[in-house]
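What follows is a single structure, written as structure tokens, with notes after it.
The values are calculated or read from the model by the stated rules, or taken from the named source; none is laboratory data. The structure displayed is predicted, hence computed values, not measured ones. In this analysis, Cβ positions are derived from the backbone assuming ideal geometry, glycine residues included, and neighbour counts consider all displayed protein chains.
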Amino acid sequence: MLAEPVISLEARYYRDPEIFRVEQQGLLARTWQFAGHASQVEKPGDYFSFSIAGESLFCIRGKDNKIRAYYNVCQHRAHELVKGEGNAKLLVCPYHAWTYELTGELRSGPNVNSVPGFDRSKICLSEVALDNFNGFLFVNLDTDAKPMDEWFPKAREELAEWVPDINRLKPVEWVEIPEKCNWKVSVENYSECYHCSLNHPTFATGVIKPETYDIQPQGHVLRHTTECQNLDAMTYPIDLSSNEHAGGYSSWFLWPMFSFQVYPGNVLNTYHWRAIDSDHVVVWRGWYTVGGKPSDVVKNLSIQDRETTVEEDVHLVESVQRGLKSRGYRPGPLVLDPKCGVNSEHSIKALQQWMREAVDG
Ligand code: FES
Ligand SMILES: [Fe+2]
């Protein structure tokens, strides 16, 4: 009996606002989401606010140097506690001046001692799970969330090996790329290289050897591996003897919306997808150097990347989104080569399986 081909995800998953709503409430609130970088909270009391799944949150470094994340809401009558970023010795609510320790405990409030039975020790900010992943802060709104090391086996250790300076890095460039497509179209496009030889001439003939490119699931990581071309033609100098991975290229996509990518020379860069609505996503490309030192090499890489691979992909994903709205589209079979490799879409099969589970349970 002939095996049935695996069919690509139905178009409604990419265009139905109701499915987007389900993802906001479910997927985004149950997975590890990027909040910011540890260098944004270097000193005790440093904080920054951000939002995930429609919730306002903030990260703050305590006097004990531990970084914590909280819902941005006072436990009195729900005023927001902080705005933007800053430094605070105590968290003082702007509404009635209830005051919290950086560990979340209520310290005091005007006239609260006049309340019979008022128990300060029962009141504290709602904390959210946070993991400092090699300097990248991820939070999970799910109180029963499995740790990142279970979701993303080996990724933490592998990244630290591939980027020996990872704990000394700071962001230097943020490139914002709005795309008129569903976030899943953009993530899928990132997660296969079946389109690369036709659409990414610089990528496919520059750094990597396309015939060796492969993308494999590793828990909920999609791990990209490849051999590199002779690096003599690289636009920046690379000391191949400095460490084992100095001449390598690799990438770790962490389901559902973040990716670490390492270029030869141990140059780290990241992708952070932010889903806006069912038809729009913004991709943030982050670039880093040791201590945040300005670097022409990294600056030029970020410009070249924006003008080539990124630009090429924007046109692809926006065309796909228009196509997904066509009455004439019937989802086609994925090209699953049992040998995997660059011209196989086995990574899309894994990804679409996670996408279905996120919506249908
Ligand atoms: S709402 Fe914060 S002190 Fe009243
Ligand atoms: Fe691409």
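Tally time: how many residues in the stretch 307-361 are within 20 Å of ASN199 (Cα to Cα), in a loop (DSSP other than H, G, I, E, B) and acidic (Asp, Glu)?
Final tally of qualifying residues: 1.
This table checks each residue for (1) more than 16 Å from ligand 1 (Cβ to nearest atom); (2) under 30 Å from VAL281 (Cα atoms).
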position: ALA38; (1), (2): yes, yes
position: VAL41; (1), (2): yes, yes
position: HIS76; (1), (2): no, no
position: LEU90; (1), (2): no, no
position: TRP98; (1), (2): no, no
position: THR103; (1), (2): yes, no
position: LEU106; (1), (2): no, no
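Being in a loop (DSSP other than H, G, I, E, B) and either on the phi < 0 side of the Ramachandran plot or surrounded by 17 or more Cβ atoms within 10 Å (Cβ to Cβ) (or both) is true for just one of ASP142, ASP149. Which residue is that? Spell out the reasoning first.
Numbers: ASP149 fails: in a loop (DSSP other than H, G, I, E, B).
Within the list ASP142, ASP149, the selection yields ASP142.
Filter the stretch 172-193 for residues that are within 12 Å of ligand 2 (Cβ to nearest atom), in a loop (DSSP other than H, G, I, E, B) and of a type in the set (S, T, N, Q) and give the result.
SER191
What pairs come up if the first residue lies in the stretch 73-98 and is under 26 Å from GLU42 (Cα atoms), the second is among the polar types (S, T, N, Q) and within 9 Å of ligand 1 (Cβ to nearest atom), and their beta carbons are under 8 Å apart, counting only those six or more places apart or on different chains?
LEU90/THR99; LEU91/THR99; VAL92/THR99; CYS93/THR99; TRP98/GLN75
Among ARG61, ARG15, ARG30, which is touching a residue at least 24 places away in the same chain (Cβ under 8 Å), touching a Leu at 6+ places or on another chain (Cβ under 6 Å) and of a type in the set (Lys, Arg)?
Values: ARG61 fails: touching a Leu at 6+ places or on another chain (Cβ under 6 Å); ARG30 fails: touching a Leu at 6+ places or on another chain (Cβ under 6 Å).
Sole residue among the options that is touching a residue at least 24 places away in the same chain (Cβ under 8 Å), touching a Leu at 6+ places or on another chain (Cβ under 6 Å) and of a type in the set (Lys, Arg): ARG15.
Determine which member of the set VAL82, VAL115, VAL139, VAL128 is at pLDDT 95 or above and over 23 Å from ALA29 (Cβ atoms). Outline the logic, then answer.
Numbers: VAL82 fails: over 23 Å from ALA29 (Cβ atoms); VAL139 fails: over 23 Å from ALA29 (Cβ atoms); VAL128 fails: over 23 Å from ALA29 (Cβ atoms).
After applying the criteria, what remains is VAL115.
In the list GLU176, GLU158, GLU192, which residue meets the criterion of being more than 16 Å from ligand 1 (Cβ to nearest atom) and surrounded by fewer than 18 Cβ atoms within 10 Å (Cβ to Cβ)? It would help to see each step written out before you state the result.
Details: GLU158 fails: surrounded by fewer than 18 Cβ atoms within 10 Å (Cβ to Cβ); GLU192 fails: surrounded by fewer than 18 Cβ atoms within 10 Å (Cβ to Cβ).
Of the residues listed, the single one that is more than 16 Å from ligand 1 (Cβ to nearest atom) and surrounded by fewer than 18 Cβ atoms within 10 Å (Cβ to Cβ) is GLU176.
Please name all residue pairs, on different chains or six or more residues apart, with Cβ atoms under 6 Å, provided the first residue is in the stretch 319-330 and is touching a residue at least 24 places away in the same chain (Cβ under 8 Å) and surrounded by 13 or more Cβ atoms within 10 Å (Cβ to Cβ) and the second residue is assigned to a helix (DSSP H, G or I) and of a type in the set (Lys, Arg).
From the stretch 319-330, the pairs are LEU324/ARG15.
Does the stretch 119-132 contain any residue that is more than 28 Å from GLY54 (Cβ to Cβ) and within 16 Å of ligand 1 (Cβ to nearest atom)?
Keep residues of the stretch 119-132 that are more than 28 Å from GLY54 (Cβ to Cβ), which gives 119-121.
Retained after the next criterion (residues that are within 16 Å of ligand 1 (Cβ to nearest atom)): 120.
Yes, because at least one residue in the stretch 119-132 is more than 28 Å from GLY54 (Cβ to Cβ) and within 16 Å of ligand 1 (Cβ to nearest atom).
In the stretch 276-306, which residues are part of a helix (DSSP H, G or I), within 16 Å of ligand 2 (Cβ to nearest atom) and buried (at least 20 other Cβ atoms within 10 Å of the Cβ)? Working first, answer last.
First, pick out the residues of the stretch 276-306 that are part of a helix (DSSP H, G or I): 296-306.
Among the residues that remain, those that are also within 16 Å of ligand 2 (Cβ to nearest atom) are: 304-306.
ASP305, the sole residue that qualifies.
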